[in-house]
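Pasting a structure below so you can have a look.
The values are calculated or read from the model by the stated rules, or taken from the named source; none is laboratory data. Note that this is a predicted model, so its numbers are computed, not measured. No Cβ is skipped: glycine too gets one built from the backbone with ideal geometry, and neighbour counts run over all protein chains shown. These area figures cover heavy atoms from the full protein model, side chains too; ligands, DNA and RNA do not enter into them. Shrake-Rupley method; radii C 1.70, N 1.55, O 1.52, S 1.80 Å.
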Amino acid sequence: MDLTFASISEISDAVKAKKVSAKEVTKHFQGRIENLDGKLNSFTSKNENALQDAEAIDSRIAKGEDVGPMAGVPFGIKEMLCAKGMKATAGSKILENFVAPYDSTVVARLKKAGIVVMGKLNQDEFAMGSSNETSYFGAVKNPWNLECVPGGSSGGSAAAQAARLVVGTIGTDTGGSIRQPASFCGVVGVKPTYGRVSRYGIIAYASSLDQAGPMVSSVKDAALTMEVISGFDDRDSTTTQKAVPQWSKNLKADVKGLKIGLMKEYMKGSLHPDVQKTVENSIETLKKMGAEIVEVSVPMTEFAVPVYYLVAASEASSNLARYDGVKYGHRAEIKNLSAIELEDFYGLTRGEGFGKEVKRRIMLGTYCLSSGYYDAYYNKAGQVRRLIMNQYLEAFKSCDVILSAVTTAPAFKIGERISDPLTMYLNDIFTTSTNLAGLPGLSVPFGMSQDGLPIGIQLTAGHFEEQKMLDVAAALESASAVKGKHPHVI
Amino acid sequence: MSSRGYEAVIGIEIHVQLSTATKMFCADPTTFNAGDNENTSPVSVGMPGTLPVVNKKAIEYSIKTGLALGCDIRRKSIFARKNYFYPDLPKGYQISQYDQPLCENGTITFKVGDTSKTVSITRAHMEEDAGKSTHHGEYTLINYNRSGIPLLEIVSGPDIRTPVEAAEYARNIRQIVRYLDVCDGNLEEGSMRCDCNVSVRKIGETQFGTKVEIKNVNSFRFVEKAIEYEIERQIDAVERGEKIIQETRLWDPDKNRTFSMRTKEDAQDYRYFADPDLLPVIVSDSMIEQFRKELPELPIARAKRFQDEHALPEYDATVLTTEKDLADFYEATATESKNFKASSNWIMTELLRELNQANKQIKDSPIKPQQLGRMIALIDKGTISGKIAKTVFQEMWDSGKDPEVIIKEKGLVQISDPAALEKIIDEVLAANAQNVEDHKTGKKKNLFGFFVGAVMKASKGQANPELVNKILQEKLK
């Protein structure tokens, strides 16, 4: 068995059948991390107890216990998610030495399903960024081309998964942070419907938009991981009571009779020719497979990027207020604490602890929420957001899934856009409206650029209609130009 | 009250701590005497990634309070974040209700002396408490046990005019929340805190003066004193031609004065917005009806009923309804004794005196209402005399035994058998022949009382005094 390219269920089945021990699997991937991560910088910390954890799974199997559907499967977890006893830095200096005292619900559910946590994965600071260049722990490299960004903010997850340093990863998506890096790195990334996955224990960026999801190597693995992490959590009031479907069991790469929506507004922009070609190919492929193509319209999506930045920055300015140097995390070194004003204490600590992009968004959000500006910005953004959602609901009356590009271009060069935040923000033009509307979305690798970089296709479905989205993704996956290709770094 | 031609305009905000077993947004206990930071968890200290979940009991308690104050209950209310930095505020924001509070537009009517006063309740909204900082010169310690404790902030309209009214208003709010059993009303433990907004204006003016807030007053007496001081201070300032500055002041009970804490210039922009971690609180009509049904009879209504149905004097009715436990005790006693006024008398004199001396609450009374009621019935039946009853009462207090048991054990049954009494009286008269002679001849006056006493003594207090009187009068003719 080639462990490196095995799927989640292949490894789990083999471990349960004792064809390979969880410990051997863990060792194999530890070796890969050891050899390759120096080039990628995708890990921020490693689980020192991974081998013991794997042994524990092996001994439970030996005793005949049921260890769940992911027995001994090595996973990497984005820094945003708390895992008990491990650092949860959110890619920030301010949480550089913060060790989480508890498991996030997602991690707890994955552990219950039998995974072995291999370590924590690098990300943009507090998930703010589209290139993984804002991490306090340094930029992550795209394994397909080390000069390129892996995308952000879940760039560490995307890179580690693409390079097969682990078998599965978890990312978080606030405005496209799972789908965009998944597209740049050629992996499958799913942002579930808002409320599907508990946010408990996920360091908050923008609470009304954040959602965790799998970043894995196949649609089937994504469906399986979704089943494990989804479902009501009494510690997160915003989770749904809806039952979790058996997406992986029901998965069929069949689009006959399905209506694929092409959003008018997404078709008129200027796309990179390679991306344009990939989108066209995907449409042709689905047509050939028996899908019907229809045009839909979500006019308000034009305002998705500014609305997203207003909402996200506002919520972030409040969510990040807890990092004040009082209870945990970085505190500025102050010689004589009693001689300093409280405001200065916060100013020094937060000034040192947060990076440039985070400060920019805190300032923006503080401004949007301040009295006198609230109505013009935050409130107005909320109104437009509701219109975007209503227009989506209308669009889904005439189609099952909306297809589009994930980004305007394939992965760009490190440093190329970092000094131009507006261009960087426009990166998220196709992904943000999904979060604003709370819809599920995914990116599935489909095309290759002239320069040998993978290009993903984005699929968006109605609320809680993940199955349709996964089915279409499975159909595209079967005809993907990325299939069988691997990053150069491997 | 008018002072030097001025009148005060007073509004009060009362923070009521809801007596839930767990905190507003997580399952940490709310016990008062816990060790430092013992009642905390990742949620209540605002660890990264943690989320709040609303305590349903706190919603129920708030709705009940709102109903008792005649408020409209919003069918959909919103939790907002109030953003500000302070070391004892773990998340950098406090979860509170802002523009869509749970309860609005109520009123409360209460007695101030002989007159009736009505104060409007603008709103009552829910929020979580912050932690507590203690400063030790070089360093500060923070205890987060209070962090996340559920509070209901009851905001009155600017309808209060005198310090006495203000204190009476606060006492009445306390009485109501204690009746509802949603707050223990313990001011020393911080279960209730009052913020008083005070301004003054010339009598006849319709505009409000600039208001000053006196924050965190923790006793009704201090509410009265602080407002009294503040009114005089403001009038003095106005008389001197000074402008009142809008500010927050604190009451110093040792120096009997208020002092400035911060001015409006330092006022925060709290950047309120709906908390995205919490869903709106949806209250159904059936929930409201259910809670309305569960509301106890409130003190004013109960006092009125005691006057109407039990024919108690207003004074008795008011005293007996100050606390729900006391009113319950009285009603249970009266039901048992079927003698309303006697029940009221025994409770208001004997029982409350004993409780006060022993520093006990009514619910901890060693004498149960049924026991007291039966004792009163025994007096009415003539089984024991009122005098013996005092002995029985004392014994009940000491031992908690039933009155019947005590009477039997101590042989305290009243002797009401005329034959038996006659025998005792004859013996007493025989032993005091000279006195009988003196009495009959009128040589000595007022000997009748002496004979009664002697008979009572001879009967060990068990003789029925009425009968003794009657028989003695005949024998001494």
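Somewhere in the stretch A:223-233, is a residue charged (D, E, K, R) and open to solvent by 80 Å² or more (accessible area, probe 1.4 Å)?
Initially, the stretch A:223-233 is screened for residues charged (D, E, K, R), giving A:227, A:233.
Okay, now just the ones that are also open to solvent by 80 Å² or more (accessible area, probe 1.4 Å), so none.
Within the stretch A:223-233 (the criterion being charged (D, E, K, R) and open to solvent by 80 Å² or more (accessible area, probe 1.4 Å)), the answer is no, since none of the residues qualifies.
Same structure again: Checking residue A:131 against (1) out of contact with any Leu (no Cβ under 9 Å at 6 or more places or on another chain); (2) open to solvent by 10 Å² or more (accessible area, probe 1.4 Å): exactly one of these is not met. Which one?
Residue A:131 satisfies all of (1) out of contact with any Leu (no Cβ under 9 Å at 6 or more places or on another chain); (2) open to solvent by 10 Å² or more (accessible area, probe 1.4 Å) except (2).
Next question, about the same structure. Select from the stretch B:1-23 the residues that are farther than 22 Å from residue B:106 by Cβ and aliphatic (A, V, I, L, M) and write down the one among them that is modelled with the lowest pLDDT. First the steps, then the outcome.
Step one: filter the stretch B:1-23 for residues farther than 22 Å from residue B:106 by Cβ, giving B:1-8, B:21-23.
Cutting the leftovers down to aliphatic (A, V, I, L, M) gives us B:1, B:8, B:21.
Working: B:1: 46, B:8: 96, B:21: 98.
Selected residue: B:1.
A follow-up question, please. Just give me the residues in the stretch A:200-217 being closer than 16 Å to residue A:91 by Cβ, aliphatic (A, V, I, L, M) and in a loop (DSSP other than H, G, I, E, B), in sequence order.
Once the filter is applied, which keeps residues that are closer than 16 Å to residue A:91 by Cβ, aliphatic (A, V, I, L, M) and in a loop (DSSP other than H, G, I, E, B), the stretch A:200-217 yields A:203, A:204, A:206.
Name every residue in the stretch A:417-437 that is in contact (Cβ under 8 Å) with a residue 60 or more places away in the chain and surrounded by fewer than 20 Cβ atoms within 10 Å (Cβ to Cβ), in order of residue number. Can you show your working first?
Restricting attention to the stretch A:417-437, the residues satisfying the condition of being in contact (Cβ under 8 Å) with a residue 60 or more places away in the chain are A:417-418, A:421, A:424-436.
Once the filter is applied, which keeps residues that are in contact (Cβ under 8 Å) with a residue 60 or more places away in the chain and surrounded by fewer than 20 Cβ atoms within 10 Å (Cβ to Cβ), the stretch A:417-437 yields A:417, A:418, A:421, A:425, A:426.
Filtering the stretch A:363-382 down to residues that are more than 12 Å from chain B (Cβ to nearest Cβ) and more than 26 Å from the chain's Cα centre (by Cα), which residue is most open to solvent (accessible area, probe 1.4 Å)?
Here the residue is A:380.
Now for a different question. If I ask for residues that are touching a residue at least 40 places away in the same chain (Cβ under 8 Å), assigned to a helix (DSSP H, G or I) and not hydrophobic (A, V, I, L, M, F, W, C), which ones from the stretch A:1-22 would you list?
The answer is A:4, A:9, A:12, A:16.
When you check residue B:395 against the structure, is it of a type in the set (Asp, Glu) and surrounded by fewer than 12 Cβ atoms within 10 Å (Cβ to Cβ), yes or no?
The answer is no for residue B:395.
Just a yes or no: is a residue in the stretch B:105-120 more than 14 Å from chain A (Cβ to nearest Cβ), within 27 Å of the chain's Cα centre (by Cα) and closer than 14 Å to residue B:151 by Cβ?
no
A follow-up question, please. Considering (1) of a type in the set (Gly, Ala, Ser); (2) surrounded by fewer than 24 Cβ atoms within 10 Å (Cβ to Cβ); (3) away from chain B (no Cβ under 14 Å), say which one residue A:213 fails and leave the rest.
All conditions pass for residue A:213, except number (2).
Considering each of A:237, A:207 in turn, give the residue that is without any contact (Cβ under 8 Å) to a residue 40 or more places away in the chain, closer than 24 Å to residue A:102 by Cα, surrounded by fewer than 24 Cβ atoms within 10 Å (Cβ to Cβ) and within 14 Å of chain B (Cβ to nearest Cβ).
A:237
I'd like to check which helices (runs of 4 or more DSSP H) are fully inside the stretch A:299-370 and have at least 3 residues that are under 22 Å from residue B:88 (Cβ atoms). Talk me through it step by step, then tell me what you get.
Details: elements: A:304-319, A:342-353, A:356-369.
Result: A:304-319, A:342-353.
Related question: For the stretch B:61-100, give me each residue that is among the small types (Gly, Ala, Ser), open to solvent by 10 Å² or more (accessible area, probe 1.4 Å) and out of contact with any helix residue (DSSP H, G or I) (no Cβ under 6 Å at 6 or more places or on another chain).
B:70
Quick check: anything in the stretch A:53-64 without any contact (Cβ under 8 Å) to a residue 12 or more places away in the chain, open to solvent by 20 Å² or more (accessible area, probe 1.4 Å), more than 26 Å from residue A:173 (Cα to Cα) and in a loop (DSSP other than H, G, I, E, B)?
yes
Sticking with this structure for a sec: Just to confirm my filter: which strands (runs of 3 or more DSSP E) fall fully inside the stretch B:191-263 and include at least 2 residues that are under 19 Å from residue B:12 (Cα atoms) and open to solvent by 60 Å² or more (accessible area, probe 1.4 Å)? Spell out how you get there, then give the answer.
Numbers: elements: B:192-202, B:212-217, B:247-252, B:257-263.
Because the criterion is at least 2 residues that are under 19 Å from residue B:12 (Cα atoms) and open to solvent by 60 Å² or more (accessible area, probe 1.4 Å), the strands (runs of 3 or more DSSP E) in the stretch B:191-263 that meet it are B:257-263.
Condition (residue is within 14 Å of chain B (Cβ to nearest Cβ) and open to solvent by 10 Å² or more (accessible area, probe 1.4 Å)) applied to the stretch A:72-79: is it met by at least one residue? It would help to see each step written out before you state the result.
First pass over the stretch A:72-79, keeping only residues within 14 Å of chain B (Cβ to nearest Cβ): A:77-79.
From what's left, open to solvent by 10 Å² or more (accessible area, probe 1.4 Å): none.
No.
State whether one or more residues within the stretch B:101-110 are assigned to a loop (DSSP other than H, G, I, E, B) and either over 28 Å from residue A:126 (Cα atoms) or open to solvent by less than 10 Å² (accessible area, probe 1.4 Å) (or both).
Yes, because at least one residue in the stretch B:101-110 is assigned to a loop (DSSP other than H, G, I, E, B) and either over 28 Å from residue A:126 (Cα atoms) or open to solvent by less than 10 Å² (accessible area, probe 1.4 Å) (or both).
Of the conditions (1) open to solvent by less than 60 Å² (accessible area, probe 1.4 Å); (2) within 14 Å of chain A (Cβ to nearest Cβ); (3) at pLDDT below 95, residue B:301 clears all except one; give me its number.
Failing condition for residue B:301: (2).
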